[in-house]
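In what follows, a structure is listed as structure tokens, so that the remarks can point back to it.
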Amino acid sequence: MQTITVLGATGSIGCNTLDVVNRHPDKYRVFAITGHSQLELLAQQAKACNPRYVVIANENQYEQARSTLTQAGVKAELLCGPQALDDVASAPEVDAVMAAIVGAAGLMPTMAAVKAGKRILLANKEALVMSGVLFIDAARQSGATILPIDSEHNAIFQCLPQDFVYGDLTSSGISSLLLTGSGGPFRERELSTFDDITVEQACHHPNWDMGRKITVDSATMMNKGLEFIEACRLFGAQADDITVVLHPQSTIHSMVQYIDGSVIAQMGHPDMRTPIAYGLAYPERIEAGVKSLDFATLSDLTFSTPCPQRYPNLYLAIQACKDGQAATTALNAANEIAVEAFLNHQIGFCDIARVNEQTLNKMEQTTVCSLQQILEHDGRARATANKVIRGLVS
Ligand code: NAD
Ligand code: MG
């Protein structure tokens, strides 16, 4: 029996996690679920999975959350605020933590789980992009296991040899990590019409059903950029070891190319329950509610290279990855601010890349070596991005 905390239970990954967990009551017990604002959903989830604690991140909603949970007949204890998030992620009773809060807000509780040596099911890529090597080093020190849930990294993890040594691709005979991406909803859209892209259009992904921030990131391909950085950190790869491949059907979730010419790919329906089930059960396999691929009806699998004019954010991220930790922290922060401004109709779709690029150009060259320095740098980048946005809209 594994005891689990689900950070960000009300999100897309959180819901999929509880779906898989609820299929296996003999294997998993839920210790805590956390949410930010969707109180009704949080109450329904608590009713279904019967956790010891429910945490509401937003302290201002404590009273409202308490009455929603009471009305729903939830028996779990209600906690609130950042410390409570850290506590349920690091409690001694907990074996595994699903890190599925979106954005930088997930960093501290995920770090708390890492420092407590938990099995980390890592969906929250922004936490890793922000803190990089510090995150990996903290896991090494505490003995935490990091299992990638992002479908591409989960695929690569599945395609690596069992004796893979972190950072040593050459000894395993690996020539390249092939990171696939669908190219999002605007892969074929006329470039001259990109200024007309609406929030609604950007929030509609052709293959995956996800939260709004990652869906917009998929449309700009910043998601693939963050994943590029994520792959470097997770596997100890260099930027030159990774190739991004456009694969619109999202059937292959990523691949590992070996020096003998072999390519090992992981395939499946685009359903996050597959990587989630893999992370939960590793090294075993469990049923995830995902139907089998039917090769008789599978359409063409096609591949191409993403175009820099169409996806400037992807190339900004690859450059930031080469520039180092301060750049990746700043880019992640700028992008969170830019996407939020786009979702709030303050800036246009093409402005997201402008805000990201201009923020990176304005940021001082510096080194960030501690969590404190990372948080400060993140804060400066957010302030700079907000200033750039004010300049764009004035
Ligand atoms: P989502 O927006 O659907 O859910 C986000 C969750 O975080 C919610 O539970 C929300 O309540 C919580 N949250 C939001 N702001 C918070 C705050 N300030 N403090 C505490 N909690 C807060 O997002 P999602 O699509 O589930 O994605 C979650 C993470 O997983 C992201 O980092 C995303 O990049 C990554 N991811 C998602 C998918 C996917 O298919 N959805 C795939 C790969 C990786
Ligand atoms: Mg992904």
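Here, each number is a calculation from the coordinates, and none is a lab measurement. Computed from a prediction, not measured in an experiment: that's the story for all the values here. Cβ atoms come from the backbone with ideal geometry, glycine included; neighbour counts cover every protein chain shown.
Max-minus-min Cα coordinates of region 163-269 on each principal axis give 48, 26, 23 Å, with the largest extent listed first.
Report note on the peptides 215-223, 200-208, 121-129: ranked by the mean count of other C-beta atoms within 10 Å, highest first, their order is 121-129, 215-223, 200-208. Looking at region 1-116, the DSSP beta bridges with both ends there are about 0 percent antiparallel. Remark: region 192-321 carries a charge dipole of roughly 160 debye about the Cα centre, counting +1 on each Lys and Arg Cβ and -1 on each Asp and Glu Cβ. Label-to-label distance, residue 62 versus residue 133, with points set 7 angstrom from Cα along the beta-carbon direction: 4.1 nm. Around the amide H of residue 176, modelled in the peptide plane, lie the amide H atoms of 257, all under 5 Å away and 5 or more residues distant in sequence or on another chain.
The mean sequence separation of alpha-carbon pairs under 8 Å and at least six residues apart, normalised by the residue count of the chain, gives a relative contact order of 14 percent. DSSP bridge analysis restricted to the chain gives an antiparallel fraction near 25%, rounded to the nearest 5. Our summary gives region 267-394 a relative contact order of 22 percent, counting only alpha carbon pairs under 8 angstrom and 6 or more residues apart.
Region 319-369 and region 270-298 have Cα centres separated by 34 Å. Projected onto its three principal axes, the C-alpha set of the chain covers 55, 54, 43 Å, listed from the longest axis down. Couplings 3J(HN,Hα) for region 208-213, derived from phi with the Karplus relation 6.51 cos²θ - 1.76 cosθ + 1.60 (θ = phi - 60°), are 10, 9, 9, x, 5, 5 Hz, where x marks Gly and Pro. The alpha carbons of region 324-393 give a radius of gyration and a Dmax of 11.6, 36 Å, in that order.
With the charge dipole of the chain set up from +1 on Lys and Arg Cβ and -1 on Asp and Glu Cβ about the Cα centre, the Cα lying farthest toward the positive end among the listed residues 339, 320, 202 is that of 339. Applying a threshold of 29 Å to the alpha-carbon distances of 27/47; 322/387; 118/387; 125/291; 213/362 flags 118/387 as lying beyond it. Between the beta carbons of residue 285 and residue 198, assuming R0 = 30 Å, the FRET efficiency works out to 0.15 to the nearest 0.05.
Computed from the alpha carbon positions, the gyration tensor of region 206-313 leads to an equivalent ellipsoid with semi-axes of 23, 18, 17 Å, biggest first.
Taking only the C-alpha atoms of region 253-394, the Rg (one decimal) and the largest Cα-Cα distance, Dmax (whole number), read 20.1, 56 Å. Dividing the helix sum by the residues of the chain, where each DSSP H run of 4 or more adds -39500 (n - 2.57), gives a mean residue ellipticity at 222 nm of -14000 deg cm²/dmol.
Mean separation of Cα pairs under 8 Å and 6 or more residues apart, divided by the residue count, gives region 53-191 a relative contact order of 16 percent.
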